[in-house]
1. For the protein assembly as shown, what size does the Cα cloud have along each of its three principal axes, sorted from largest down, in whole Å?
2. Defining a contact as two alpha carbons under 8 Å apart and six or more residues distant in sequence, what relative contact order in percent does segment A:319-370 show?
3. Counting only Cα atoms, I'd like the Rg/Rh figure for segment A:1-160, Kirkwood definition for Rh.
4. Rg and Dmax of segment A:283-327, Cα atoms, in Å?
5. Determine the equivalent ellipsoid of segment A:202-309 by diagonalising the alpha-carbon gyration tensor, then write out the semi-axes as square roots of 5 times the eigenvalues, largest first, rounded to whole Å.
6. Could you tell me the calculated FRET efficiency between A:R439 and A:V530, based on Cβ-Cβ distance and R0 = 35 angstrom, to the nearest 0.05?
7. For chain A, find the longest principal axis of its Cα atoms and tell me its angle to the long axis of helix A:489-506, 0 to 90°, nearest 10.
8. Quote the FRET efficiency, to the nearest 0.05, computed for A:L502 versus A:A388 with a Förster distance R0 of 45 Å and r equal to the Cβ-Cβ distance.
Amino acid sequence: MTGEHQTLALLLFSGFVAVTLEITTWVSRRRHGSAEEFYAGGRLFSPMENGFAIAGDYMSAASFLGVTGLIALYGYDGLLYVVGFLVAWLVVLFLVAELVRNCGRFTLADVVAARMSERPVRIAAGTSSVTVSVLYLVAQMVGAGSLVALLVGRTSGAAQAWTVIGVGALMVIYVSLGGMRATTWIQIVKAVLLLGGTVVLTVLVLVRFHGDFDRLLVAAADRSGHGSAFLAPGLKYGGSWTARLDFISLGLALVLGTAGLPHILSRFYTVPTARAARRSAVWSIGLIGGFYLMTIVLGFGAAAVLGPKTVRASNAAGNTAVPLLALDLGGGAGSTGGTVLFAIVAAIAFATILAVVAGITLASSASVAHDLYASLRRRHAKARSEVAVARIAAVGIGVVAIALGLLARGLNVAFLVGLAFAVAASANLPVLLYSLFWRGFTTRGAVWAVYGGLIPALGLVLLSPVVSGSPDSLFPDVDFQYFPLQNPGIISIPLGFLAGWLGTVTSDEVADEAKYAETEVRSLTGAGAV
Amino acid sequence: MQSSDGRSHGADDDPGSSAGRREDHGPASRDVRYEDPWYDALGSGWGELDGTGMPARAVPSARGEQDGTAVRARDVYVAVQRSEAFQEVRSRYRRFVVPGVAAFLVWYVGYVVAATTAPGLMARPVAGAVNVAMLAGLGQFLSTFLLTWAYARHARLCRDRAALELRWDTQELTRGVQGGAS
């Protein structure tokens, strides 16, 4: 890429960083330091604001860069991801959003611990939440690294490493100084920028093809070299039965994982009522659905305008399809329009990563302070210190994420996100649904449900071709691969549900009828909600 | 704002349901805190249920004797859970959500399985470059939007008002047993 690209993109991105830092200092000047404010932004956001913030949290670099790249390279098989990402929101809306808002205070563990013996459940749910968050964080960090590699034009390790460190430092500042209020505003700003950029690019693609989607598809199919097979499933996941099973596994993880993502759950605590939580979910479904429809156009547009060869030449995984498409739509390399559009898209992608990273860090620092620390600390510690712990935890998680991000630089971003979804669906969703809907659920069931999903999910990944045994795995030189699938969801999600059931039926404890009554009444009416 | 929003719709759509029944008491519920004719009536009704239908194990004795108000606050939730109004709200929620979740999960899993196991069927052209797979994918988007709209509408019309009144009652009852402290 030329120098103009870099300068302009860096300028735009610095602008975004300046605005977000301004928001953070403005928020932190007026803060009171209460837990309510730090974890939940005072619970005073409107459904529309929260809907934008949720959309901002959810539309990560994996969707904007990764999925469009997959569509550009593999056609229809990339589109399958998008469908999973969207349909998952029905699970959130129907089963989780309102009930969690009514029952919980700050974290997932709040909902479960209300019915159970608190300490073991909090430790279990806190551990799995932090695990999911860290996996998701690493994915975003790796994405930031490869984006900068594209922008700076060299894939040198040093540039990537400094980017990962810079992103980590910024996110720690946002979260530890600004808490949920600053993070939410950053998400809103980012969502507006991302949606605006996507709309502009989509319109440009459609104008290029005279508004004829059919023509766009035909052009994409021709250019791809696969003909009409490009528009049908099977190019990426069609080969062996292992690949097909892998895809079904990923599909299950995507649709069930969203409802277990800690940073999505914690967003519902930032609105005052369950009704507002529902309306923010509806807002976010509208925004996310619209965004994904546009990414389909962008993906096929990149295939039609650039052709998969150009896309692949720039980045083998296709992660750079959208910036390249912007360059072409603006008038090609060397033209002012192309330079400007490319710089804008690169800056937006960077802003996206930064905002998502801040949201996840906040959610995981809440899990550390509110669940783990609160369960493990000495009894006489004061409530005030919990927020202090959360701020420190944000720094600690930042350091861990930076370290892992540097370590996992070679891994595929979309894969890491799929893994985070699989762990969330296996460890967090069963325990959440059981405690909301199962009268007889017990403490042992809850603890088993978490660990029974978490351990198989992580264990199967360790034994999968991702970690060892194939040329592009993390440790290509050793071979301890015993599990053929990359995504563990199809095994570990049922195991999580099974373990929860097994733990419940084998425990001597009789479920406390009155506590279930309290959970049920609170979840559906909002009585006693904070 | 919430209650008036729900009320204006609920009266038209659900005359026979409990929300409709409660419509008679609607105006009174505003004054419940000060005059509470309705609050008393319901409270005594729940009290009777307490005596008859409560299983012994719901109140663990050791803890209960230590902390009187906590036990009674627990009783409130059990009583509310057993009340007809709550049962109605819950069954409305479940009657919509259970078939809804089953429908979209079956539709989604069917779509994913079809895409991986029957690519021939999915590749069948329909019109121009658009094939069955493309239509099915867009169908998933469409069904998601439709179900979102239907859920929000159902919740607004059939649950919101009744849930708000239940919340009010429950909190009043809880406050009552805790001696107005919180």
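Read the figures in this text as sums done on the coordinates, not as results from a lab. Worth saying up front: this structure is predicted, and the values here are computed from it rather than measured. All Cβ positions, glycine included, derive from the backbone under ideal geometry; neighbour counts span all protein chains shown.
1. Ordered largest first, the protein assembly as shown gives principal extents of 79, 57, 50 Å.
2. In percent, rounded to a whole number, it is 23.
3. The Rg/Rh ratio comes out at 1.02.
4. 12.0, 38
5. Equivalent-ellipsoid dimensions as semi-axes: 34, 22, 9 Å.
6. Working from the Cβ atoms, E equals 0.90.
7. That works out to roughly 0 degrees.
8. The calculated FRET efficiency here is 0.70.
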